[in-house]
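J.: Take a look at the following structure, please.
The values are calculated or read from the model by the stated rules, or taken from the named source; none is laboratory data. These numbers were taken from a predicted model, which means no experiment stands behind them. Cβ placement follows ideal geometry from the backbone for every residue including glycine, while neighbour counts extend to all protein chains displayed. Surface areas here come from the heavy atoms of the whole protein model, side chains and all, with no ligands, DNA or RNA. Shrake-Rupley method; radii C 1.70, N 1.55, O 1.52, S 1.80 Å.
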Amino acid sequence: MSRREALTDPTTLPGRLVEIDGLTTHVVVQGSGPPVLLLAALGSNWFDLDQLTDELVGRFTVIRYDRPGYGASESLPRDRFPTLRDEIDRMAGVLDSVGIADPVLIAAHSLSSLYAEAFARDRPERTAAVMMIDGTFVMFPWRILPTAFRVRNCHRAVRVVDALRLPQLMGPAVHDSVLPTPPGGFTAVQQFWTRAVFTTTTMLRATLVENAAFPSVNADLVVLRRERPAVDAAVTVVAALAEAGGWRRFWRWRQEKFAEMLGGVFEEISPANHFVVTQHPAAMGLMITRLARRAGLLDPGA
């Protein structure tokens, strides 16, 4: 079973545990209809997308999974770190594991937009549409320190944090302070899984390591853009904008450039926090539904 026996109580864990690329991976499938693959942000887990999933399951088959070390998924070995190619293959493996062969709509939040874009370029036959939700678009790629060095420092930092028992003392509180409270509040189920996941260092390690690997992942995406210059799927880029101020104007401009680069449609939601999927799940559900209609996954009146 592993991952601390599926976070202590495997009988309550939704979905299934499947082996992908030699790692136990947690996959959750709900609903019926055209397939939508939801990709969580850096530091987010399957249960952080519960409210958005609830908005979609009436029309769609919604697939979620935890990347290595997140949620109930097994961590990467200490000598490995996330790569763009591995995540493309993992996304395909997740879809294969649940029998999804039809092209999917991918809705990706924040850093996971890199993986969604890469999948759309590399596996166009499996991609019907892509939604980038406040996505990560690097206009001037950079890489300073080698990824392996950055990752080793992450493991050193986690050992210190573990010795101080900070996750046990502060983990769930940090989660709740970073994520905006969803309409109706966090459910009892979400609170249960937040305690199970955020009181260990596994989740923290996965977040730090993925962040450390980000420059390398982005550099590989830049190469893939040159090799596969077109994104054939329908694309929507959604910007979560503050109520007013200079940052709002800059972020809107940046996300518009992202949409232009992808040949997609730009939409915005305001006022909104970066974790708009938690803050405004109904609005995000409507935007995903509009994209599905535009991509031909739903009839215009559905």
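J.: Would you mind stating whether Thr83 is in contact (Cβ under 8 Å) with a residue 12 or more places away in the chain, more than 19 Å from Ala233 (Cα to Cα) and polar (S, T, N, Q)? Give the steps one after another, and end with the answer.
T.: Details: in contact (Cβ under 8 Å) with a residue 12 or more places away in the chain: yes; more than 19 Å from Ala233 (Cα to Cα): yes; polar (S, T, N, Q): yes.
Criteria met by Thr83.
J.: Could you say which residue among Val231, Val197, Val238, Val209 is in contact with a Gly (Cβ under 9 Å, 6 or more places away or on another chain), among the aliphatic types (A, V, I, L, M), buried (at least 20 other Cβ atoms within 10 Å of the Cβ) and not in a helix (DSSP H, G or I)? Before the answer, list the steps.
T.: Details: Val231 fails: buried (at least 20 other Cβ atoms within 10 Å of the Cβ); Val197 fails: not in a helix (DSSP H, G or I); Val209 fails: not in a helix (DSSP H, G or I).
From the options Val231, Val197, Val238, Val209, the qualifying one is Val238.
J.: Out of curiosity, is Ile100 part of a loop (DSSP other than H, G, I, E, B), buried (at least 17 other Cβ atoms within 10 Å of the Cβ) and among the β-branched types (Val, Ile, Thr)? First the steps, then the outcome.
T.: Details: part of a loop (DSSP other than H, G, I, E, B): yes; buried (at least 17 other Cβ atoms within 10 Å of the Cβ): yes; among the β-branched types (Val, Ile, Thr): yes.
Answer is yes for this residue.
J.: Residues of region 112-163 being of a type in the set (D, E, K, R) and free of Cβ contacts under 8 Å to residues at least 60 places away in the same chain, which ones?
T.: The answer is Arg123, Glu125, Arg126, Arg152, Arg156, Arg159, Asp162.
J.: Let me ask something else about it. Could you check region 19-67 and list, in sequence order, the residues that are within 12 Å of the chain's Cα centre (by Cα) and outside any strand (DSSP E or B)?
T.: Result: Ala40, Ala41, Leu42, Gly43, Ser44, Asn45, Trp46, Phe47, Asp48, Leu49, Asp66, Arg67.
J.: Within region 241-250, which residues are open to solvent by 30 Å² or more (accessible area, probe 1.4 Å) and either in a helix (DSSP H, G or I) or modelled with pLDDT of 95 or more (or both)?
T.: Just the residues of region 241-250 that are open to solvent by 30 Å² or more (accessible area, probe 1.4 Å), to begin with: 242-250.
Within region 241-250, Gly246, Trp247, Arg248, Arg249, Phe250 qualify.
J.: Check off (1) closer than 21 Å to Leu179 by Cα; (2) not in a loop (DSSP other than H, G, I, E, B) for Val94 and give me the number that stays unchecked.
T.: So the condition that Val94 fails would be (1).
J.: Just for helices (runs of 4 or more DSSP H) wholly inside region 107-182: which have at least 1 residues that are surrounded by fewer than 16 Cβ atoms within 10 Å (Cβ to Cβ)?
T.: Per the criteria, 147-163, 166-178.
J.: Can you say whether Asp176 is among the acidic types (Asp, Glu), within 27 Å of Thr53 (Cα to Cα) and modelled with pLDDT under 95, as far as the supplied structure shows?
T.: Considered against the rule, which asks whether it is among the acidic types (Asp, Glu), within 27 Å of Thr53 (Cα to Cα) and modelled with pLDDT under 95, Asp176 comes out as yes.
J.: Which ones in region 252-285 are over 19 Å from the mean Cα position of the chain (by Cα), without any contact (Cβ under 8 Å) to a residue 40 or more places away in the chain and part of a helix (DSSP H, G or I)?
T.: Scanning region 252-285 gives Arg252, Trp253, Glu256, Glu260.
J.: Sticking with this structure for a sec: Six or more apart or on different chains, Cβ atoms under 7 Å: show the pairs whose first residue is in region 286-301 and in contact (Cβ under 8 Å) with a residue 12 or more places away in the chain and whose second is open to solvent by less than 10 Å² (accessible area, probe 1.4 Å) and assigned to a helix (DSSP H, G or I).
T.: Pairs that qualify, where the first residue is in contact (Cβ under 8 Å) with a residue 12 or more places away in the chain and the partner is open to solvent by less than 10 Å² (accessible area, probe 1.4 Å) and assigned to a helix (DSSP H, G or I), are Ile288/Leu56; Leu298/Thr289; Leu298/Ala292.
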